[in-house]
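A short write-up of the structure that comes next.
Throughout, read-outs are computed from the coordinates displayed, never taken from laboratory work. Everything quoted here is computed from the prediction, not taken from an experiment. Cβ placement follows ideal geometry from the backbone for every residue including glycine, while neighbour counts extend to all protein chains displayed.
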Amino acid sequence: MPSQGSKTVDSQKELLQLKLFKALSIILAILLLAGAGYYYYRTRQVQPVAIMVNGQQVAVASNMSVATRAMAALKHNQLGSAFEGKGKPVYIERIQLQRIPDSQATEIDTDDTIQTKLSSKVHLTVIAGAIVVDKVTVVGLPTVDMANEALDAVKQHYVSMPPPDTVTDEATFREHVSVVKRRIPARMARQTVAEAVEALTALPPAKTYVVKNHDTGWLIARRFHMNFTKFIHSNAGIDINKLKIGDVVNVSVTVPPVTVVVTKRSDREESIRKGVSTERAGKRRISVETTYVNGHPEGDPRTLNVTTLQRATPSSSVL
């Protein structure tokens with residue numbers, strides 16, 4: 001049977017082994033932390049990173065942190081804060097962040113240089129409330145509700161244009177306009193309803209052409225597939241029949257993406273007879289209805305009602 005002394009020795013050995021195990025565990029943990037720290041320092045803080053677009057190197061960041069930050073900034077610049085956390089943005093191109101040896105990083109790009117190089121090479125798409133005009137997506141907003149609000153605001157924009165007459169019918173779009181939730185290019189995305197309204201009401205930039213020898217208005221319109229009447233309207237102030245070499249003409253139909261039709265009613269009073277005194281002329285009220293297309297009258301006003309307010313005095317006959 002073991003003596004009391006031998007039990008004490010065994011306990012001391014076990015205690016020593018436990019202390020040794022703890023010491024080794026601590027040393028191992030320290031080594032692991034040191035290794036992880038070195039790896040982080042090497043990969044995140046030191047080792048250059050090439051930003052690859054469709055397999056081609058576009059820019060070189062000083063480390064992975066800078067490269068990751070650059071890609072986040074690119075998303076923000078293309079989509080803005082309104083889409084942050086929304087729309088599931090996706091790159092059209094294939095993007096890779098690839099660590100490279102120091103020897104391959106002949107030049108490290110600054111943050112601004114990285115953004116400049118990427119902005120023309122990298123494009124995003126995002127899910128948005130898209131405004132579609134005749135099956136063509138024109139603009140998108142973060143939500144469908146915002147897109148519908150923008151369309152209502154566009155109608156109100158033209159309704160509020162002068163003259164301040166009574167609107168007789170609800171404003172309508174001449175095109176087929178709808179709102180759908182779909183993925184769109186980031187360049188079509190807008191942050192606010194006001195920005196979308198501006199995009200839907202602004203005139204597109206005009207395309208111009210410099211008149212050359214033997215050019216005529218009809219030939220130019222035909223070359224650019226324009227209706228000749230629209231070609232004349234697009235060049236108001238220019239005598240199409242007297243074009244000279246070097247003249248600059250507009251060869252595009254500059255109209256907004258949507259056409260809003262508003263019908264307004266106005267009442268006016270006028271004399272029944274002309275060229276006589278007010279007492280003898282009589283007076284009548286005429287109600288007319290005018291159609292406005294994007295704020296401009298279209299066609300002749302339609303007479304709705306004529307009410308006689310004061311009869312005219314008949315002309316006296318001299319026998």
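Within the stretch 54-87, list the residues whose amide N lies under 15 Å from a label point set 7 Å along Cα→Cβ of Arg187. Only 78-79 fall inside the zone, counting backbone N under 15 Å. Spacing of the modelled spin labels on Glu107 and Asp134, each 7 Å from Cα toward Cβ, amounts to 4.7 nm.
Give me the distance between the Cα centres of the stretch 203-269 and the stretch 12-37, rounded to whole Å. If we compute the Cα centre of each part, the gap is 85 Å.
Normalised by residue number, the volume inside the convex hull of the Cα atoms of the stretch 190-262 is 117 Å³ per residue. Applying a length cut-off of 20 Å (Cα extent along the axis) and a mean Kyte-Doolittle floor of 0.5 to the DSSP H helices of the chain leaves 4-40.
The sum of -39500 (n - 2.57) across all DSSP H runs of n ≥ 4, divided by the residue count of the chain, sets its helix-only mean residue ellipticity at 222 nm to -10500 deg cm²/dmol. Taking the stretch 244-278 and a reference point 7 angstrom along Cα→Cβ of Ala312, the backbone N atoms nearer than 18 Å belong to 268-278. Put simply, the Cα atoms of the stretch 43-116 extend 40, 22, 21 Å along their principal axes, the longest span coming first. Evaluated at 10 °C with a viscosity of 1.306 mPa s, what Stokes-Einstein diffusion coefficient in µm²/s does the chain have when Rh comes from the Kirkwood expression over alpha-carbon pairs? After rounding, the answer is 57 µm²/s.
Could you work out the equivalent-ellipsoid semi-axes for the stretch 180-319, taking the square root of 5 times each eigenvalue of the Cα gyration tensor, largest first, in whole Å?
On the way: eigenvalues 452, 157, 23 Å².
After diagonalising the Cα gyration tensor, the semi-axes are 48, 28, 11 Å.
Proximity of backbone amide H atoms, modeled 1.01 Å from N, is registered between Leu304 and Ser287, Val288, Glu289 at under 5 Å, excluding neighbours fewer than 5 places apart on the same chain.
Considered as an equivalent ellipsoid built on the Cα gyration tensor, the stretch 96-202 has semi-axes of 43, 15, 10 Å, the largest given first. With 24 Å as the limit on Cα-Cα distance, the pairs of Lys75/Lys121; Lys207/Lys230; Lys86/Lys155; Lys75/Lys181 that go past it are Lys86/Lys155.
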